[in-house]
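Inspection log for the structure reproduced underneath, given as structure tokens.
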Amino acid sequence: MGTGITINLFENFEILKDGEPILLSLSNTRKTKMFLAYLIVNKDRIVSHKELFELLWTGQEYANPGTALRTLLYRYRSLISENKIDELEKSIISKRGAYQWNQELNVDIDIYDFEDYASAGLNKVLSKEKRVECLKKAIDLYRGPLLKDSSEEHWVVAKAVHYRDIYVKAVLEYVSLLKESGDKSELVEILENAIKIAGHADILELELSLAKGGKNTGEATNKYEIMSKHLDVMNEEIDKLQKDMESDDFAENAFVCDFNTFKDIYHLQRRLLARTGETMYVSLITIGFVGKGSKEGIRYERVMKALLESTKKCLRCGDSICRYSDSCLAVMFPAGAYEDANKILDRIKSKFIPNVADSDVVLSYKIRPLKNIKD
């Protein structure tokens with residue numbers, strides 16, 4: 001027995017009960033809405049406080065991220081209570097240092113229903129009638145891009161492209177099956193609507209040209225056949241390309257590299273800053289010793305290794321670190337105000353010093369903002 005609750009993430013984020021919109025005020029609290037949407041989109045995994053905080057408060061520093069996130073959870077649960085939506089009372093599960101959407105909750109979520117129907121429709125083992133039925137349901141569920149009003153969010157972009165690719169593939173397969181059965185009556189309508197929803201796609205526009213007939217049909221057919229072959233190959237190749245490049249990624253801590261790579265990242269960041277308007281900082285972190293005779297190479301290496309580990313843990317996965325000299329690290333990271341950048345380095349210092357038994361170790365740092373390529 002279903003709860004009658006439906007959650008839509010295509011086009012706009014909305015929650016419905018028996019077809020009627022509920023929790024309408026959720027749209028007025030952007031962070032609470034993003035907090036909820038992110039957990040739903042990633043419902044198959046546990047999401048840490050750190051990941052959620054960095055997503056919702058990018059580049060900001062906060063002593064206790066868990067407190068900020070508990071405030072968002074409290075707001076969401078208060079809305080549920082005020083509106084007497086008991087079905088969602090246990091929708092978010094609190095775990096130690098993390099949250100997760102309750103996968104046992106019996107609600108309909110459009111993105112998952114869409115994927116299930118599309119997967120069945122693209123499965124050539126099933127009967128043609130079943131495939132047509134499933135593809136039609138998938139196409140009807142895709143009302144537009146994922147979370148359209150949050151399309152600038154980096155995590156939304158990747159997911160939105162994923163669902164759009166599935167949608168285009170489902171439309172092309174549906175059209176192919178209709179042509180096989182000789183039922184071409186709705187081809188033009190389906191394709192025109194697909195182009196309207198998914199945006200420009202050469203393969204859809206060529207398919208529409210063929211469905212309408214007219215002049216140059218032979219040329220359009222040849223182009224379509226070539227493009228179809230290219231599309232299949234490119235889908236496989238771009239997946240392979242990403243897998244090859246991502247195979248060594250470890251996204252928990254900052255990126256550690258040699259100085260030449262750090263320099264390339266520095267130049268790339270300067271170019272990006274000219275477009276994004278964000279603020280990046282570069283900093284040198286240096287160690288020294290108070291007493292004489294304390295500069296043995298082995299000791300330097302031991303302390304520098306401890307500093308590198310401490311710095312990696314304090315910075316985020318998108319930040320960069322390199323060994324600049326025997327006694328110095330260079331780090332690069334985004335932050336809002338200069339004061340925020342200082343807080344990040346202060347945190348590195350406060351985490352590092354207690355972990356080093358040597359009382360004569362001195363840590364110093366200097367910070368500079370990056371200039372964009374136009375400055």
Among (1) touching a residue at least 60 places away in the same chain (Cβ under 8 Å); (2) touching a strand residue (DSSP E or B) at 6+ places or on another chain (Cβ under 7 Å); (3) aliphatic (A, V, I, L, M); (4) not in a strand (DSSP E or B) - the single one L55 does not satisfy: (2)
All helices (runs of 4 or more DSSP H) inside region 174-288 with 2 or more residues being modelled with pLDDT under 80: 217-246, 259-276
Residues of region 126-164 that turn out to be under 17 Å from the mean Cα position of the chain (by Cα) and in contact (Cβ under 8 Å) with a residue 24 or more places away in the chain, as a count: 11
Subset of region 82-122 (residues that are over 19 Å from G4 (Cα atoms), touching a residue at least 60 places away in the same chain (Cβ under 8 Å) and in contact with a Phe, Trp or Tyr (Cβ under 9 Å, 6 or more places away or on another chain)): Y99
Set L135, L126: member being modelled with pLDDT of 95 or more and not in a helix (DSSP H, G or I): L126
Members of region 326-340 found to be outside any loop (DSSP other than H, G, I, E, B) and of a type in the set (D, E), listed by number: E339, D340
Number of positions in region 251-289 that are of a type in the set (D, E) and surrounded by 15 or more Cβ atoms within 10 Å (Cβ to Cβ): 1
Members of region 300-318 found to be open to solvent by less than 10 Å² (accessible area, probe 1.4 Å) and closer than 10 Å to N253 by Cβ, listed by number: T311, L315
Residue within region 12-30 that is within 20 Å of the chain's Cα centre (by Cα) and small (G, A, S) present: no
Residue satisfying all of: in region 81-119; buried (at least 20 other Cβ atoms within 10 Å of the Cβ) and part of a helix (DSSP H, G or I); modelled with the lowest pLDDT among these: L88
Near pairs, Cβ below 9 angstrom, 6+ apart or cross-chain, from region 202-214 (without any contact (Cβ under 8 Å) to a residue 60 or more places away in the chain and of a type outside the set (F, W, Y)) to any residue that is in a loop (DSSP other than H, G, I, E, B) and open to solvent by 60 Å² or more (accessible area, probe 1.4 Å): S209/N216; A211/K184
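The values are calculated or read from the model by the stated rules, or taken from the named source; none is laboratory data. These numbers come from a predicted model, not from an experiment. Heads up, the Cβs are rebuilt from the backbone with ideal geometry, glycines too, and the neighbour counts pull from every protein chain shown. For the accessible areas, the whole protein counts, side chains as well, though only heavy atoms, and no ligand, DNA or RNA atoms are used. Shrake-Rupley method; radii C 1.70, N 1.55, O 1.52, S 1.80 Å.
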